[in-house]
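To start, the structure itself, in structure tokens.
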Amino acid sequence: MRVCIEYASPRHPDIKKILQSSHQLMQDLYPDETNSYLSIDELCSPNIHFLGARQNEKYYGCGALEVKPDYGELKSFFVEPDFRRKGIATLIMQEILITSTKLNLNTLKLETGVGLDDALKLYKRFDFELCEPFGNYLENGFSIFMKRNL
């Protein structure tokens, strides 16, 4: 079946479940003070381009592009565990890169966590490289910072 990557609402019931699963995973893996995920309300901000991965009428993954003054930041990137390794994350990333280019962004950055090996493999496959903390992030022993020039 075909997966559709489209602009979606973080408040959609399917996506809320996906985001809650992502947030729970972060809470289970890392101390609260090191978690930097955005709330559902924050993901509805005008500077956020929020994408959902839908098959038929159900969403199985999501990703967001937060537009900052001098770069874009990848946020809330998550695919439901039962739907991983089916190319959904690749499709979301491709659409985020297309959107970043249309917005004339020069750099895309992200913060991820130690131990999220599948996510790291995806980011490296898309030419993200390790970098120093950026924005309001601080080195904390749990975060990995990456960037990609566009």
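The values are calculated or read from the model by the stated rules, or taken from the named source; none is laboratory data. Since the model is a prediction, treat every value here as computed from it, not as a measurement. Here Cβ is always computed from backbone atoms with ideal geometry, including for glycine, and neighbour counts include all displayed protein chains.
For segment 104-150, how many residues are part of a strand (DSSP E or B) and free of Cβ contacts under 8 Å to residues at least 12 places away in the same chain?
Of segment 104-150, the ones part of a strand (DSSP E or B) are 107-113, 129-130, 143-149.
Now restrict to residues that are free of Cβ contacts under 8 Å to residues at least 12 places away in the same chain: none.
Here the count works out to 0.
Residue under question is Ile15, and the condition is that it be in contact (Cβ under 8 Å) with a residue 40 or more places away in the chain, part of a helix (DSSP H, G or I), under 12 Å from the mean Cα position of the chain (by Cα) and surrounded by 13 or more Cβ atoms within 10 Å (Cβ to Cβ); does it hold?
On the way: in contact (Cβ under 8 Å) with a residue 40 or more places away in the chain: yes; part of a helix (DSSP H, G or I): yes; under 12 Å from the mean Cα position of the chain (by Cα): no; surrounded by 13 or more Cβ atoms within 10 Å (Cβ to Cβ): yes.
The answer is no for Ile15.
Within 15 Å of the chain's Cα centre (by Cα), of a type in the set (Val, Ile, Thr) and not in a loop (DSSP other than H, G, I, E, B) - does that describe any residue in segment 23-37?
no
Can you work out which of the residues in segment 56-103 that are assigned to a strand (DSSP E or B) and out of contact with any helix residue (DSSP H, G or I) (no Cβ under 8 Å at 6 or more places or on another chain) is surrounded by the most Cβ atoms within 10 Å (Cβ to Cβ)?
Going residue by residue through segment 56-103, those that are assigned to a strand (DSSP E or B) are 58-67, 72-79.
Now narrow it down to the ones that are out of contact with any helix residue (DSSP H, G or I) (no Cβ under 8 Å at 6 or more places or on another chain): 66-67, 73.
Values: Glu66: 20, Val67: 16, Glu73: 23.
Taking the candidates together, the pick is Glu73.
Listed residues Ser76, Ser36, Ser45; which is within 19 Å of Asn140 (Cβ to Cβ) and small (Gly, Ala, Ser)?
Working: Ser76 fails: within 19 Å of Asn140 (Cβ to Cβ); Ser45 fails: within 19 Å of Asn140 (Cβ to Cβ).
Exactly one residue qualifies, and that residue is Ser36.
Within segment 111-122, identify whether any single residue is buried (at least 16 other Cβ atoms within 10 Å of the Cβ), within 19 Å of His23 (Cα to Cα) and of a type in the set (S, T, N, Q), and answer yes or no.
yes
Is it the case that some residue within segment 127-148 is modelled with pLDDT of 95 or more and farther than 29 Å from Asp32 by Cβ?
Looking for residues that are modelled with pLDDT of 95 or more and farther than 29 Å from Asp32 by Cβ, one finds at least one in segment 127-148, hence yes.
Out of (1) within 16 Å of the chain's Cα centre (by Cα); (2) over 26 Å from Gly135 (Cα atoms); (3) among the basic types (Lys, Arg), the odd one out for Arg2 is which?
Exception for Arg2: condition (1).
So which residues in segment 19-51 are crowded, with 19+ Cβ neighbours inside 10 Å and in contact with a Pro (Cβ under 9 Å, 6 or more places away or on another chain)?
Selection gives Leu19, Leu38, Leu43, Phe50.
Return the only residue of Gly87, Gly52 being within 16 Å of Phe126 (Cα to Cα), in contact (Cβ under 8 Å) with a residue 24 or more places away in the chain and small (Gly, Ala, Ser).
On the way: Gly52 fails: within 16 Å of Phe126 (Cα to Cα).
Gly87 is the lone residue from the list that is within 16 Å of Phe126 (Cα to Cα), in contact (Cβ under 8 Å) with a residue 24 or more places away in the chain and small (Gly, Ala, Ser).
Determine which member of the set Gly61, Gly72, Gly52 is at pLDDT 95 or above and under 20 Å from Lys147 (Cα atoms). Before you say what the answer is, go through the steps one by one.
On the way: Gly61 fails: under 20 Å from Lys147 (Cα atoms); Gly52 fails: under 20 Å from Lys147 (Cα atoms).
The unique qualifying residue is Gly72.
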